[in-house]
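J.: Let me give you the structure first, and then I'll get to my questions.
The values are calculated or read from the model by the stated rules, or taken from the named source; none is laboratory data. Remember, it's a predicted structure, so these values are computed and weren't measured experimentally. FYI the Cβ positions are ideal-geometry reconstructions off the backbone, even for glycines, and counts take in every protein chain you see. What goes into the accessible areas is simple: the full protein's heavy atoms, side chains included, and nothing from ligands, DNA or RNA. Shrake-Rupley method; radii C 1.70, N 1.55, O 1.52, S 1.80 Å.
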Amino acid sequence: MSHPVLIVGASMGGLRTAEALRRFGYVGPITVIGDEPYAPYNRPPLSKEVLAETVSHEAVAFEQRESTADVNWVLGTRVESADLEHNIVTDANGDVHPYSALVIATGLRPRRLNVANGELRGRHAVRTLDDAIALRADLKPGARVVIVGAGFIGCEVAATARTLGCDVTVVAPGISPMQRSLGTELAAEMQRRHEAKGVVFRLKTAVTDLVGESAVEGVVLDDGTTVPCDVLVEAIGSHENTEWLEGNDLNLSAGVLVNNDLRAMRQNGVPWNNVFVVGDVARFPNPAYDDDARQIEHWNIPTETAKRVAQVFTEQAQGEFRPIPSFWTDQYDNHLLAYGVLALADDVKLIDGDITGDCVFGYYRSGKMVGVCGIGMRSVVQSYRANFV
Amino acid sequence: MIKIDVDMAKCQHYGQCVFEAPSVFELNNDDKLEYTATADDSERANVEAAIDVCPMQAIRIVE
Ligand SMILES: Cc1cc2nc3c(=O)[nH]c(=O)nc-3n(C[C@H](O)[C@H](O)[C@H](O)COP(=O)(O)OP(=O)(O)OC[C@H]3O[C@@H](n4cnc5c(N)ncnc54)[C@H](O)[C@@H]3O)c2cc1C
Ligand code: SF4
């Protein structure tokens, strides 16, 4: 029997790749190895509605499709290393898995604070279901929650914790929350909306250490003040899970560099014919924008990259891979939807609605629209989507 | 025929489904989702794609 297509990482990217391979007609064996104990589940609710309710695998699991019933799932198993020259990976039990093609779908893990007094209970991050279950247990009404980092996940957790009746302080180095993506004006408005709900922001500020004996009691800031804290949430970005690929001829400077067919690149720019990368860990060029390869850590990218890999693998790919990045975020009753790469903009303008209510912003680079984002006003946001195809 | 169910308690009217299966899903004048409860078998692939892109994972095909 031929060796399987081996997918490492059993989350959305891995699942969508297995489904797409079947959809495009590959009938050979597929094995998916993942280190989490759970079948693939959806991460966005972990910082939003599910965190506000009861967190369980059932509430977030992706529906299993019939097409992938014969996929061999090896869960709770960490891959330690890969040897691309010999087409094998080795797991933490020492088992060797040969493959005909390898799909790298190992995603990201949260970056953590590096502080002297770090061995304390009450420190959290939010990436996995187990993270969310642990955090949920600590989000009691009246708990003093400090969130470090004011990106999307930090802000979503702030909104959820506030809704649950916690005291919430957000500490971040930037001038306003989500500012790098949303731009100054919309970010400032989102800050006002959080403040109206009672969230306290300590911006342009970094954490220097923690206070506490066995559990976190306070967070020390670089202005010398200490914020009292029962629950610390660290939402300060992420690391790519690529250590297991070290020692191979790859470009791992940020994620795994791939070409437009999502084939992993050697250092000399020649792609590996049978090594593909999907999801958050893929750094791919998108000719819809420019020649620069980027990681796009949005939810629609695992699905888009999985489809492209299946098309390339089954020799049905046509034209260039030009996915439209898209994200949404829910904070209280503010539902934001965006298309494009907002962070590329050198100019951001209100193009519809009213900044204090529902509104739509356009994001421009050298006069050309590169993104659109709205609070509500879905049809207007969508009418600009065609600009990015 | 396929039967389509959208959990309206989950749906946030993001309208991502509209791009995948425009003959089944649409946003009405109030930006709320409307959809047809049944569709021809030929729509199955499009509805499957809509299931994939729905941020709330609110769409199901009920056989
Ligand atoms: C809390 C949260 C909220 C989010 N909200 C939104 C949102 O509102 N909108 C949006 O657009 N996007 C959102 N995202 C982003 C979106 O969820 C990600 O883009 C998506 O999960 C990426 O999927 P992936 O399969 O590429 O990677 P991951 O989901 O990170 O999966 C990688 C998997 O590989 C496993 N793995 C890693 N290393 C190994 C190894 N050596 N051996 C075996 N297995 C390994 C990991 O444990 C993990 O299970 C959110 C993410 C999080 C965490
Ligand atoms: S994509 Fe999902 S959430 Fe959005 S309108 Fe369709 S069903 Fe509702």
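J.: List the residues of region A:344-389 that lose 20 Å² or more of accessible area once all protein chains are present, compared with their chain alone (1.4 Å probe, heavy atoms only, no ligands or nucleic acids).
T.: A:Arg378, A:Ser379, A:Gln382, A:Arg385
J.: Just from the alpha-carbon atoms, what are the Rg and Dmax of chain B in angstroms?
T.: 10.4, 30
J.: Accessible area of chain B with a 1.4 Å probe: how many percent of it is carbon plus sulfur? Before the final figure, lay out the partial values.
T.: Values: 1500 of 3230 Å².
C and S fraction of accessible area: 47 percent.
J.: Across the residues of B:3-14, average count of Cβ atoms on other protein chains within 10 Å?
T.: Numbers: counts 0, 0, 0, 0, 0, 0, 0, 2, 0, 6, 4, 8.
Mean partner shielding for this stretch: 2.
J.: So what's the angle, to the nearest 10 degrees on a 0 to 90 scale, between helix A:129-138 and the longest Cα principal axis of chain A?
T.: 20
J.: Further question on the same structure: Only helical DSSP H runs with n ≥ 4 go in: add -39500 (n - 2.57) per run for chain A, normalise by residue count and round the 222 nm mean residue ellipticity to 500 deg cm²/dmol. It would help to have the intermediate numbers written out before the result.
T.: Details: 9 runs with 79 residues, N = 389.
Here the helix-only value at 222 nm equals -5500 deg cm²/dmol.
J.: Let me understand chain A better: what is its radius of gyration from the alpha carbons, and its Dmax, in angstrom?
T.: Cα-based Rg and Dmax for chain A come out at 21.6, 65 Å.
J.: If you don't mind, there's one more thing I want to ask. Towards the positive end of the charge dipole of chain A, with charges on Cβ (+1 Lys, Arg; -1 Asp, Glu), say which of A:Gln382, A:Tyr38, A:Leu336 has the farthest Cα.
T.: A:Gln382
J.: Oh, and also: If one takes the accessible area of chain B alone plus chain A alone and subtracts that of the pair, with a 1.4 Å probe, what total in Å², rounded to the nearest 100, results?
T.: 1600
J.: Give the average, rounded to an integer, of partner chain Cβ atoms located within 10 angstrom of each Cβ in B:53-61.
T.: Working: counts 5, 0, 12, 7, 8, 0, 1, 1, 1.
Counting Cβ atoms of other protein chains within 10 Å of each residue's Cβ and averaging gives 4.
J.: Sticking with this one: Work out, in µm²/s and without decimals, the Stokes-Einstein translational diffusion coefficient of region A:333-388 at 25 °C, 0.890 mPa s, Rh from Kirkwood over C-alpha pairs. Intermediate values should be presented prior to the final figure.
T.: Working: Rh = 11.0 Å.
After rounding, the answer is 223 µm²/s.
J.: For chain A, with all protein chains present and a 1.4 Å probe, just round the carbon and sulfur fraction of the accessible area to a whole percent.
T.: Values: 7650 of 16090 Å².
Carbon and sulfur: 48 percent of the exposed surface of chain A.
J.: About its Cα centre, what dipole magnitude does chain A give when the only charges are +1 on Lys and Arg Cβ and -1 on Asp and Glu Cβ, stated in debye to the nearest 20? Intermediate values should be presented prior to the final figure.
T.: Values: 35 positive and 50 negative charges, 154 e Å.
Using only the charged Cβ atoms, the result is roughly 740 debye.
J.: Can I ask one more? If the viscosity is 0.890 mPa s and the temperature 25 °C, what Stokes-Einstein diffusion coefficient in µm²/s follows for region A:153-200 when Rh is the Kirkwood radius over Cα pairs? All intermediate terms of the calculation are to be shown ahead of the outcome.
T.: Numbers: Rh = 10.8 Å.
Translational diffusion coefficient: 227 µm²/s.
J.: Right, here's the next one. For region A:112-236, what is the convex hull volume of its Cα atoms per residue in Å³? Could the numbers behind the result be given before it?
T.: On the way: hull volume 12.0 nm³, N = 125.
Dividing the Cα hull volume of region A:112-236 by its residues yields 96 Å³.
J.: Could you provide, to the nearest whole Å², the per residue accessible area of chain A with probe 1.4 Å?
T.: Working: 16090 Å² over 389 residues.
Per residue, chain A has an accessible area of 41 Å².
J.: Work out which residues of region A:310-342 lose at minimum 30 square angstrom of accessible surface when the other protein chains are put back, relative to the chain isolated, with a 1.4 angstrom probe, and list them by number.
T.: Those residues are A:Trp328, A:His335.
J.: Separate question: For labels at A:Asn114 and B:Glu34 in the simple 7 Å Cα→Cβ model, what's the distance in nm?
T.: About 5.7 nm separates the two model spin labels.
J.: Does anyone have the angle between helix B:44-53 and the longest principal axis of chain B? Alpha-carbon axes, 0 to 90°, nearest 10?
T.: For B:44-53 against chain B, the angle is about 30 degrees.
J.: Which value, in Å², gives the accessible area per residue of region B:2-62 when a 1.4 Å probe is used on the protein heavy atoms?
T.: On the way: 2910 Å² over 61 residues.
Accessible surface, normalised per residue, equals 48 Å².
J.: A follow-up question, please. Which angle from 0 to 90°, rounded to the nearest 10, does the C-alpha axis of helix A:152-163 make with the longest principal axis of chain A?
T.: Tilt relative to chain A: about 50 degrees.
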